[in-house]
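To keep things clear, I will list the structure first and then write my remarks on it.
The values are calculated or read from the model by the stated rules, or taken from the named source; none is laboratory data. These figures come from a predicted structure and were not determined experimentally. Ideal geometry is used to build each Cβ from the backbone, glycine not excepted, and the neighbour counts take in all protein chains shown. Note: accessible area is taken over every heavy atom of the protein model, side chains too, but ligands, DNA and RNA are not part of it. Shrake-Rupley method; radii C 1.70, N 1.55, O 1.52, S 1.80 Å.
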Amino acid sequence: METNEKSMTPEESIQIIRKSILNSRKNLKENGFYYLFWGWLLAFASLTNYFLIRYLHFRKMYEQIFIASSIAWGIFVAVGFAVIFIYLNKTGKKDAVITHLDRIITTLWMTSGVIFVLFVLFCYRYESYPTPYILAVTGMATFISGMMIRFKPLIAGGILFAVASVISIFVPPLSQLLVFAISLVLGFLIPGYLLKTAKD
């Protein structure tokens, strides 16, 4: 029995893979607002908590630190979701070619988000700080995303997050907030802006 299916040549397979990577990179650039917005928001949240806790320590208001910090993080995250909701309603859904890489990257970051929440809950239960773990997972997700779209600054950002995760283990808990904020700027925001301005 004859078949009409035509096997692809290696060159054709490479072209399809290359096209998929370019489409995913383009989609990531076009949806860059979400990544950059959350990057800046969490960096500011971290710095706000740093100065808030430092101030409360200075005032010897230790019993209020946990409540104040939780409220501050909660406000930033709530504002973030509100802005994203408004932005989605105003811009609408753009027609885009969704590739398998896009779905994998989206699933990767959604899974990472769930892990972030679990780490916070676990660390609260055992009275430890989640910063090293969150930085490690962020580094993994950033590194894999960079590898998938073959964008070196994002790959370097993932490595930087991993290094920051190790550094945060050896610094005081309050200083971990500074490490977190600096890591977001160097490992996430700068590569994000480089991707936004990069040529396809």
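In table form, for the structure just shown:
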read-out: Extreme residue, modelled with the lowest pLDDT, among residues of segment 170-185 that are open to solvent by 50 Å² or more (accessible area, probe 1.4 Å) and more than 16 Å from the chain's Cα centre (by Cα); value: Pro173
read-out: The listed residue being surrounded by 11 or more Cβ atoms within 10 Å (Cβ to Cβ) and modelled with pLDDT of 85 or more, out of Ser69, Ser46; value: Ser46
read-out: Filter result (surrounded by 20 or more Cβ atoms within 10 Å (Cβ to Cβ) and either in contact with a Pro (Cβ under 8 Å, 6 or more places away or on another chain) or not aliphatic (A, V, I, L, M) (or both)) within segment 155-168; value: Gly157, Gly158, Phe161, Ser165, Ser168
read-out: Residues within segment 139-154 that are under 18 Å from Phe180 (Cα atoms), among the hydrophobic types (A, V, I, L, M, F, W, C) and crowded, with 18+ Cβ neighbours inside 10 Å, tallied; value: 3
read-out: Residue in segment 86-104 that is modelled with pLDDT under 85, under 14 Å from the mean Cα position of the chain (by Cα), in a helix (DSSP H, G or I) and crowded, with 17+ Cβ neighbours inside 10 Å present; value: no
read-out: Val114 vs. criteria assigned to a helix (DSSP H, G or I), surrounded by fewer than 16 Cβ atoms within 10 Å (Cβ to Cβ) and without any contact (Cβ under 8 Å) to a residue 24 or more places away in the chain; value: yes
